[in-house]
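Everything below concerns the one structure shown next.
The values are calculated or read from the model by the stated rules, or taken from the named source; none is laboratory data. This is a predicted model, so every value here is computed, not measured. Methodologically, a virtual Cβ is constructed for each residue, glycine included, from the backbone with ideal geometry; neighbour enumeration extends over all protein chains shown. Areas reflect the complete protein model, heavy atoms only, side chains present, ligands, DNA and RNA absent. Shrake-Rupley method; radii C 1.70, N 1.55, O 1.52, S 1.80 Å.
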Amino acid sequence: MLMQDSQRGGAKNLALHLLSNENDHVEVFDLRGFVSQNLVGALNEIYAHSKGTRARKFIYAVSFNPPPSEQVSTEAFIDAIGRVENKMGLENQSRAIVFHEKFGRRHCHVVWSRVCTKEMKAIQLSHTKLKLKDITRELFIEHGWQLPEGYADASKRNPLNYTLAQWQQAKRVGKDPKAVKSAFVDAWAISDSGTAFSAALQERGYLLAKGDRRGFVAIDETGEPYSVAKWCGKKAKEVRAKLHDLDHLRSVGETRGLYASQMASHLKSLQMTRAAAIGGRVSKLERNRAGMIEQHRKQRTQFDTATETMRLAENKSRMMNLNTGRRGLFDRITGRRQEMMARLRFEEFELARQRQGQKDELILTQLQERQRLERRIHLLQNFEQQRGQALSSDIAQYLDIRQGVRDKFERESQKQHYSRDGPSLSM
């Protein structure tokens, strides 16, 4: 599993962060070497001990993150924590273990005190990242997990692997010349006037405009001009005769700007419709997620309650098997009671291990349910992102076309104004 570490202060802030309700499930699994039985109090004890030293970074914190596709037991986490502890020389230090679950993934945070209370000084921690990297490599190999490239060969490490953003730009498909030709010929054949021809072309995605040389052109959604005479297979004289009633046509630049404005508006409408539809589906999945989290919390609470009740009953039953009175005194004198107590503690330890295994099964089953739901949400969000980027790119292109037409019109207007009213030179 991947590990990230830090040496830091700020005990209270760290405790509050670890207990944050941003996570779906938070479990304070173990508090070792503390008087306090809650995380905030435990980490404040570390801070209190640090006041007897000069240490400003009195906490060593490590996060343990298994591969997303793997189901990892609590025992495997504890094994990894033990390896880090031995490697760093923290075996006898106070320690807190907190498990987090979010988006169907379970990971662990461990906080050690760096303050050695016997010598009242901070334990020196050197080359921690290299040591963690060695432990990570061992764990991946032992568990048969796919080793990240950066851990197999440092030269192959790709920093882009650490980001979640994925950018993809769709390539536009070019128009088929045969389809363009067919659109113009069909529009020409079914129309008996310029107005009818203009309407027929518009239905096929083209707007008529005045060409620069007194001809007629059609503009498509990309702003590309097409000569009407050329694509209809007619002479310019025939085109002018049929389209003589179209004396109100805009120039190519104005038509391109108009089409761009209409397309931008239309695509924005599509974008809003798409966002509403996707948002509704995502909201439904989010409600399912919230309901699932609440259900899982109830299941864990019921399990913990039942387990604790059973544990107390079993302890009571064991204690009743111990002799009392004279026999109990005899057992104490002969050492038989100590043997029986050791056996009872061992039995209790084994039962605790079995119950932890049962809880792991419950947690892993719940994680699998969450992961299936998270994959659906991720696929939907990824689809929405890709479609949204494509629409946003198209909208931006049309807005650029419209702005370019406006800028050109303003420059020409200023040029004409300057030519008409500009200063004159006199002798």
What are the pairs with Cβ atoms under 8 angstrom where one residue, in region 190-203, is free of Cβ contacts under 8 Å to residues at least 12 places away in the same chain and loosely packed, with under 13 Cβ neighbours inside 10 Å and the other, located anywhere, is hydroxyl-bearing (Ser, Thr, Tyr) and assigned to a helix (DSSP H, G or I)? Sequence gap at least six, or different chains.
none
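Please work out if HIS49 is touching a residue at least 60 places away in the same chain (Cβ under 8 Å), assigned to a strand (DSSP E or B) and open to solvent by 20 Å² or more (accessible area, probe 1.4 Å). I'd like the intermediate steps shown before the answer.
Numbers: touching a residue at least 60 places away in the same chain (Cβ under 8 Å): yes; assigned to a strand (DSSP E or B): no; open to solvent by 20 Å² or more (accessible area, probe 1.4 Å): yes.
In short, no.
Tally the residues that are open to solvent by 40 Å² or more (accessible area, probe 1.4 Å) and either charged (D, E, K, R) or touching a residue at least 24 places away in the same chain (Cβ under 8 Å) (or both), restricting the search to region 342-351.
Restricting attention to region 342-351, the residues satisfying the condition of being open to solvent by 40 Å² or more (accessible area, probe 1.4 Å) are 342-343, 345-351.
Checking which are either charged (D, E, K, R) or touching a residue at least 24 places away in the same chain (Cβ under 8 Å) (or both) leaves us with 343, 345, 347-348, 350-351.
Residues meeting the conditions: 6.
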Those residues of region 102-135 which are within 28 Å of THR365 (Cβ to Cβ) and modelled with pLDDT under 90, in sequence order
LYS102, PHE103, GLY104, ARG105
Taking GLU101, is it in a loop (DSSP other than H, G, I, E, B) and farther than 16 Å from ALA15 by Cα?
no
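If we keep just the residues of region 104-145 that are among the basic types (Lys, Arg), outside any strand (DSSP E or B) and in contact (Cβ under 8 Å) with a residue 12 or more places away in the chain, which is most open to solvent (accessible area, probe 1.4 Å)?
First pass over region 104-145, keeping only residues among the basic types (Lys, Arg): 105-106, 114, 118, 121, 129, 131, 133, 137.
Still in the running and outside any strand (DSSP E or B): 114, 118, 129, 131, 133, 137.
Applying the additional criterion that residues be in contact (Cβ under 8 Å) with a residue 12 or more places away in the chain yields 114, 129, 131, 133, 137.
Values: ARG114: 24, LYS129: 135, LYS131: 58, LYS133: 52, ARG137: 74 Å².
Ranking the qualifying residues of region 104-145, first place goes to LYS129.
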In region 27-47, the residues that are under 17 Å from ASN13 (Cα atoms) and of a type in the set (D, E, K, R):
GLU45
Quick test of your reading of the structure: HIS244 fulfils all but one of (1) in contact with a Lys or Arg (Cβ under 6 Å, 6 or more places away or on another chain); (2) without any contact (Cβ under 8 Å) to a residue 60 or more places away in the chain; (3) over 17 Å from LYS181 (Cα atoms). Name the failing condition by number.
(1)
Please go through (1) of a type outside the set (Phe, Trp, Tyr); (2) touching a Gly at 6+ places or on another chain (Cβ under 9 Å); (3) open to solvent by less than 100 Å² (accessible area, probe 1.4 Å) for ARG375 and return the number of the only condition it doesn't satisfy.
(3)
Only one of ARG311, ARG240, ARG327 that is among the basic types (Lys, Arg), in a helix (DSSP H, G or I) and under 29 Å from GLN202 (Cα atoms):
ARG240
Would you confirm whether or not region 199-211 contains a residue that is at pLDDT below 75 and not in a helix (DSSP H, G or I)?
no
Here are the criteria: (1) open to solvent by 50 Å² or more (accessible area, probe 1.4 Å); (2) assigned to a helix (DSSP H, G or I); (3) touching a helix residue (DSSP H, G or I) at 6+ places or on another chain (Cβ under 9 Å); (4) modelled with pLDDT of 80 or more. Tell me which single one LYS234 does not satisfy.
(2)
